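Working notes, structure below.
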Amino acid sequence: MNKVEIIGTGSYVPSKVVDNDELSHMVSTDDEWIVSRTGIRERRISKEENTSDMATKAAVDAIKSAKIDVNDIQLIVLATSTPDDFIPSTACIVQKNIKAVNATCFDISAACSGFVYGIDIAAQFIRTGRFSTALVIGAETLSKVTDWQDRNTCILFGDGASAVILQKGDKEGIISISTGSDGSKGDALVCPAVPVNNFLSKTKVSLNKGTVSMNGKEIFKFAVKILVKLVKEMVVESGYSLKEIKYIIPHQANYRIIEFVAKKLGINPDKFYTNLDIYGNTSAASIGIALDEIYKKNLVKSGDKILIIGFGGGLTYGGIIIEVL
Ligand code: UT7
């Protein structure tokens, strides 16, 4: 089996900052409630850019950091719950934009675990020798599926994109991977699409709102359980101690989730890298934006281990231990 290295990271967020005060003019909420219940202070919201626009900018950033020729990219996997269109895939739109003419491209839908699932898929293609260079993107325009009158959800989400380049290499950069799903709990976080309503349909159904709704408490409990389980299991499986993991990058959903998990694991919450205070929850983009930040700020050096963990709609979850090369 081939070894897989992460050779570049990238990210992009829209320039428009929407802080909690601005939201308090739209729904009955306030900065104090949002910060104390979530840790979120502001988020970036797209004015016109769609998911492919942000994904393209994150991809260009990652290609630049990896110092590769765009023609080397043989696979583009794009994780999103907010594609530009049903057809073509957002991955294919990115391919057109960056002119990655040699790539096979497709989207995956795994909500906030999408970035982890995407790396897993790309790594398998590289390990088996099918492809040698892959671009993995997590990108979301959650603002287009947010109900801006629902204070339970609209305070949480933000827009953004992130990317990594994986390549066949001499050293192993992906130490271990663990993923799973629980479709039986899918109702806890939904964003309905187009119902069947054709000339054969007996009952006429009206179009739904197409916005996200969520059982926050259910997801909160699931997130805490999964984060604790994955951290414990993956550390044991990798043969490293928790001390040897420099950072845990969780999906950036809620700072209280992280505090709970840190307490249950008996570790300092500072081990968890967070930027949700300034970006909110960007779903499939969130882990990659944080990963890019860690690399670009030189917070890690060669040999450091990072554990990334996603959880969210589906329900889905997954973690990867990365070694910085
Ligand atoms: O990527 C997807 C993953 N999603 C998540 O990770 C979300 C996980 N869940 C959460 O982060 C939390 O459940 C929330 C932040 C969504 C909600 O926090 P909570 O502590 O579970 O609040 P709650 O839903 O129990 O609501 C408590 C109270 C309610 O009022 P009453 O019924 O007690 O009078 C809500 O109506 O807070 C009220 N409330 C608000 N008040 C001010 C709910 N949203 C707001 C708001 N501002 N934005």
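A few notes on this one:
- When each of 67/301; 232/305; 16/305; 229/271; 47/221 is checked by Cα-Cα distance, pairs over 24 Å: 16/305; 47/221
- For residue 175, the residues 5 or more places off, or on other chains, whose built amide H falls under 5 Å of its own are 321, 322, 323.
- Span from the the range 16-50 Cα centroid across to the the range 96-143 one, whole angstrom: 30
- For chymotrypsin sites (Phe, Trp or Tyr not before Pro), the sites in the range 140-212 that DSSP calls loop and that have at most 14 other Cβ atoms within 10 Å are 148, 199.
- For the set 54, 1, 26, the ranking by accessible area, highest first and with no ligand, DNA or RNA atoms included, is 1, 26, 54 under a 1.4 Å probe.
- Reachable aspartates and glutamates, given that their alpha-carbon falls under 17 Å from the alpha-carbon of residue 185 and they are not under 8 places away in the same chain: 218
- Label-to-label distance, residue 48 versus residue 182, with points set 7 angstrom from Cα along the beta-carbon direction: 4.4 nm.
- DSSP bridge orientation in the range 176-323 - percent antiparallel, rounded to nearest 5: 75
- Restricting attention to the chain, close to 70% of DSSP beta bridges with both partner residues there are antiparallel.
- Computed extension length for residue 236-residue 202: 6.8 nm, one decimal, from 0.36 nm per residue of separation with the Cα-Cα distance subtracted.
- Going by accessible surface with a 1.4 Å probe and the largest first, 120, 30, 292 read 30, 120, 292.
- Counting only whole DSSP H helices of the chain, the ones at least 24 Å long by C-alpha along their axis and with mean Kyte-Doolittle hydropathy no lower than -1.0 are 216-238.
- Accessible surface of the chain [probe 1.4 Å, protein heavy atoms]: carbon and sulfur percent: 51
- Exposure check, 1.4 Å probe, all protein chains in place: residue 92 carries approximately 50 Å² of accessible surface.
- Springs join every pair of Cα atoms under 10 Å in this Gaussian network model of the chain, and among 64, 263, 202 the largest mean-square fluctuation is at 202.
The values are calculated or read from the model by the stated rules, or taken from the named source; none is laboratory data. Bear in mind the structure is a predicted one, so any value in this text is a computation, not a measurement. Every residue, glycine among them, receives a Cβ derived from its backbone with ideal geometry; neighbour counts consider all protein chains shown. When the accessible area is computed, the model is the full protein with side chains, heavy atoms only, and any ligands, DNA or RNA have been set aside. Shrake-Rupley method; radii C 1.70, N 1.55, O 1.52, S 1.80 Å.
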